[in-house]
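Derivation of every value follows stated rules applied to the coordinates shown; laboratory data play no part. Predicted model only: the values in this text are computed from it and were never measured. We place every Cβ from the backbone using ideal geometry, glycine too, and count neighbours over all the protein chains shown.
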Amino acid sequence: MYIMNKPIRIALTKGRLEKDTVGLLEKIGFDCTTVREKGRKLILPISDANLEVVLAKANDVITYVEHGVCDMGVVGKDTIMEMGGSFFELVDLGFGRCRFALAAKKGSGFYGGYDIKTIATKYPNVARAYFESKGMDLEIVKIEGSVELAPLLELSDGIVDIVETGTTLKENGLEIIEDIAPISARLIVNTVSMKLRQAEIEKLVSLVEANL
Ligand code: PRP
């Protein structure tokens, strides 16, 4: 009797990256109706590809892949830079493009003066590493969203945040002081899965690369 391998489980970051990834899987030729018509379901089989899609928040995609309960994941480079972790980062998927930037109120002269700067951010590790690389001491305040508010309310001198179109900065009177790093979606793989299911994973990865 032929026994089919259990599906390769792939964790997708819910939202925009999920949509772009489903688009990519469909371009490869997989039937993603289950994901498109998911309702509130969080685990979705893509039977013709022997894949199982898991929908999760970005940080949790990394957690599930690191723990090996998902073989692969699609997550932004922003989350990878902030969380780190041990897994293989195999493919730059090219979508979900944006960047990390340091921004401050327009004309505020961010680097002027000798006082220790305060930075508000959702990404304290990224911000710390960036200013450490400049040898600059600073204070970090962790904010959960709409980080642009912090300098407007004078909680911070600047922010380290994601910039996509630049509209949020512009509409709130902020400007980019420096670009920090480019961001895009990445395909990550659990280190053990990479060994145990190498052939299947490599096949999927080459299909992905051929359809980017
Ligand atoms: C992100 C980011 C900026 C905005 C940038 O926020 O934190 O606020 O998008 O996009 P733009 O350059 O195209 O204006 P998100 O929409 O994820 O919400 P949040 O601020 O609540 O995290």
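Provide the percentage of antiparallel DSSP beta bridges, counting only those with both residues in the chain; round to the nearest 5. For the chain, the DSSP antiparallel bridge percentage is about 60.
Would you mind putting 116-128, 174-186, 62-74 in packing order, based on average other-beta-carbon counts within 10 Å, highest first?
Working: 116-128: 19.4, 174-186: 17.4, 62-74: 21.8.
Ranked from most to least packed, the peptides come out as 62-74, 116-128, 174-186.
Count charges around Gly94 for me, please; just the other residues with Cβ under 11 Å from its Cβ, Lys/Arg as +1, Asp/Glu as -1. Charge balance near Gly94 sits at -1.
Peptides 41-51, 98-108 ranked from most to least packed, by the mean per-residue count of other Cβ atoms within 10 Å: 98-108, 41-51. Of the GluC sites (Glu not before Pro) in the stretch 116-165, the ones in a loop by DSSP (not H, G, I, E or B) with at most 16 other beta carbons within 10 Å are Glu144, Glu154, Glu164. Across the alpha-carbon set of the chain, the Rg to Rh ratio works out to 1.06, Rh being the Kirkwood radius.
Summing Lys and Arg as +1 and Asp and Glu as -1 over all other residues whose Cβ lies under 14 Å from the Cβ of Val189 gives a net charge of -2. Mean sequence separation of contacting Cα pairs (under 8 Å, at least six apart), scaled by the length of the stretch 98-182, corresponds to a relative contact order of 50 percent. Rounded to whole numbers, the Karplus 3J(HN,Hα) couplings from phi for the stretch 197-204 are 10, 3, 4, 5, 5, 4, 5, 4 Hz, using 6.51 cos²θ - 1.76 cosθ + 1.60 with θ = phi - 60°, and x at Gly and Pro. Peptides 32-40, 53-61 ranked from most to least packed give 53-61, 32-40, packing being the mean of other C-beta atoms within 10 angstrom over each peptide's residues. When shorter helices are ignored and each DSSP H run of at least 4 residues is given -39500 (n - 2.57), the per-residue value for the chain at 222 nm works out to -9000 deg cm²/dmol. Using C-alpha pairs under 8 Å with a sequence gap of at least 6, the mean separation divided by the residue count of the stretch 112-151 gives a relative contact order of 49 percent. For the stretch 50-101, the Cα gyration tensor yields ellipsoid semi-axes of 19, 13, 10 Å (square root of five times each eigenvalue, largest first, whole Å). Which shape class applies to the stretch 99-140: rounded if a/c is under 1.5, otherwise prolate when a/b exceeds b/c and oblate if not, where a ≥ b ≥ c are the square roots of the Cα gyration tensor eigenvalues? Note, shape of the stretch 99-140 comes out oblate.
Cβ-Cβ distance of Asp179 and Leu152, R₀ of 25 Å, FRET efficiency by 1/(1 + (r/R0)^6): the value works out to about 0.70.
Between 0 and 90 degrees, the angle of helix 124-133 with respect to the longest Cα principal axis of the chain falls at about 60 degrees. Considering only alpha-carbon pairs that sit under 8 angstrom and 6 or more positions apart, the relative contact order computed for the chain is 27 percent. Computed on the stretch 98-182, the Cα convex hull volume stands at 83 Å³ per residue. The Cα center of the stretch 153-212 and the Cα center of the stretch 87-124 differ in position by 13 Å.
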